[in-house]
Amino acid sequence: MSIIINRPVAIFYEHPSWFKPLFEELEQRRIPFVRLNASQHHFNPLERDVPYSLVINRISPSAYLRGNGQSIFYATQYIEHLERLGVPVINGLIAQSFEISKTKQLGLLASLGLRFPKSRIVNHVNQILAAAKALKFPVLVKANIGGSGAGITQFDTPESLKKAIFLNQISFGTDQVVLVQEYLAPKDGHIVRVETLNGKFLYAIKVYPTRKSFNLCPADLCEVPAYTNSEACIAEAARNGVKVEKYNPPKQIIEDVERIVKTARLDVGGVEYLLDEHGEPHYYDINALSNFVADAVNIIGFNPYVNLVDYIESRLQPVFHIDHEPEFQREEV
């Protein structure tokens with residue numbers, strides 16, 4: 001008896017190399033899959049069926065940094081189409097809505113009673129100074145749709161912020177919305193990224209940036225010349241001087257993170273937080289596109305892609321079938 005899959009798994013993605021470990025694990029287990037390039041894709045809104053057993057959404061808002069910004073909002077339309085057809089989607093429409101809105105992330109944190117840096121939401125450059133007056137400097141101006149630390153600029157004084165506004169140096173990103181947010185220096189010089197799978201804690205890492213940086217993408221080298229605050233991604237820590245180490249967060253942190261990802265409907269995702277000078281946790285980023293740290297076996301002691309594909313297989317169970325009927329012995333009369 002053998003078990004086969006009626007239709008392949010589809011990986012809906014845009015980054016050229018982030019998902020190589022996922023592809024390799026699927027190939028090793030002989031799970032049929034197809035790659036759907038979100039930056040060059042089309043679909044028929046009249047179709048009533050698609051040839052996939054399951055679709056895995058892996059679209060990052062940082063796509064526009066690679067010239068693929070068209071995939072960001074398109075992904076929302078395609079995922080909505082898939083869900084309307086009843087196709088299972090890992091990190092579906094609700095998760096995607098949190099991935100592409102830092103404002104929505106803060107609203108979720110507020111609804112759960114969790115701390116986050118004091119913030120104001122702005123949709124026009126002439127509102128930035130008014131928003132900043134309600135906050136303590138330094139402040140960050142952060143694109144609502146970001147990724148890999150892109151579009152985040154720190155201003156230490158009101159004067160430096162006024163100068164940037166005067167010189168038209170504020171980027172409002174793809175949806176013309178920014179957050180003005182108090183900068184919190186992380187206690188002991190590190191932030192924590194907690195990864196989850198199926199709503200449960202998977203692992204956590206401490207990240208010690210080598211200099212003031214907002215790029216904590218763990219998947220690869222994400223140097224983005226257009227943003228001076230970007231640096232090498234933490235996944236390449238061993239080769240780029242960013243210290244990363246395994247960490248076991250307190251029970252309360254794990255419970256908070258699991259509440260966050262369940263509310264945001266993240267099947268696989270990460271949450272970042274830091275401790276302020278008083279040791280109080282502040283959550284500041286929810287990642288539906290959560291890239292596992294590279295060299296994971298040496299850093300955290302296991303390969304998280306094995307766990308991810310285990311989860312994918314569990315979601316595939318309803319579409320498995322037996323290729324022939326089992327033989328039963330008849331009872332002798």
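Only one of these is closer than 21 Å to N287 by Cα and touching a residue at least 60 places away in the same chain (Cβ under 8 Å): I56, I31. Name it.
Checking each option against the conditions leaves just I56.
Hey, could you check the range 1-38 for residues that are modelled with pLDDT of 90 or more and among the polar types (S, T, N, Q) and say which is surrounded by the fewest Cβ atoms within 10 Å (Cβ to Cβ)?
Among those that are modelled with pLDDT of 90 or more and among the polar types (S, T, N, Q), it is Q28.
If you take just the strands (runs of 3 or more DSSP E) that sit entirely in the range 18-123, which of them hold at least 1 residues that are under 22 Å from S290 (Cα atoms) and not assigned by TED's automatic domain parsing to the domain that holds I191?
33-37, 54-58
Step by step: first the residues of the range 57-90, then only those that are farther than 23 Å from L179 by Cβ and within 13 Å of the chain's Cα centre (by Cα), then the one that is surrounded by the fewest Cβ atoms within 10 Å (Cβ to Cβ). Which residue is that?
The residue in question is I90.
Kindly provide the set of residues from the range 176-210 that are among the charged types (D, E, K, R) and either free of Cβ contacts under 8 Å to residues at least 40 places away in the same chain or under 18 Å from E280 (Cα atoms) (or both), ordered by number.
Once the filter is applied, which keeps residues that are among the charged types (D, E, K, R) and either free of Cβ contacts under 8 Å to residues at least 40 places away in the same chain or under 18 Å from E280 (Cα atoms) (or both), the range 176-210 yields E182, K187, D188, R193, K206.
Report yes if P281 is without any contact (Cβ under 8 Å) to a residue 12 or more places away in the chain and not β-branched (V, I, T), otherwise no.
no
Working only within the range 282-314, note down all residues that are more than 17 Å from the chain's Cα centre (by Cα) and among the acidic types (D, E).
Selection gives D295, D310, E313.
Restricting to the range 239-276, name every residue that is of a type in the set (S, T, Y) and either assigned to a loop (DSSP other than H, G, I, E, B) or under 22 Å from P209 (Cα atoms) (or both). Full working, then the answer.
Initial filter on the range 239-276 (of a type in the set (S, T, Y)): 247, 263, 273.
The answer is Y247, Y273.
Taking the range 141-163, which residues are touching a strand residue (DSSP E or B) at 6+ places or on another chain (Cβ under 8 Å) and at pLDDT 95 or above? Walk me through how you get there before you give the answer.
Quick first cut of the range 141-163, residues touching a strand residue (DSSP E or B) at 6+ places or on another chain (Cβ under 8 Å) only: 141-144, 146, 150-155, 161.
Result: V141, F155, L161.
From the list K262, K200, K187, K206, exactly one residue is within 18 Å of the chain's Cα centre (by Cα), under 22 Å from I152 (Cβ atoms), at pLDDT 65 or above and not aliphatic (A, V, I, L, M). Which is it?
K206
The values are calculated or read from the model by the stated rules, or taken from the named source; none is laboratory data. These numbers come from a predicted model, not from an experiment. Using ideal geometry, Cβ is built from the backbone for each residue, glycine included, and neighbour counts are taken over all protein chains shown.
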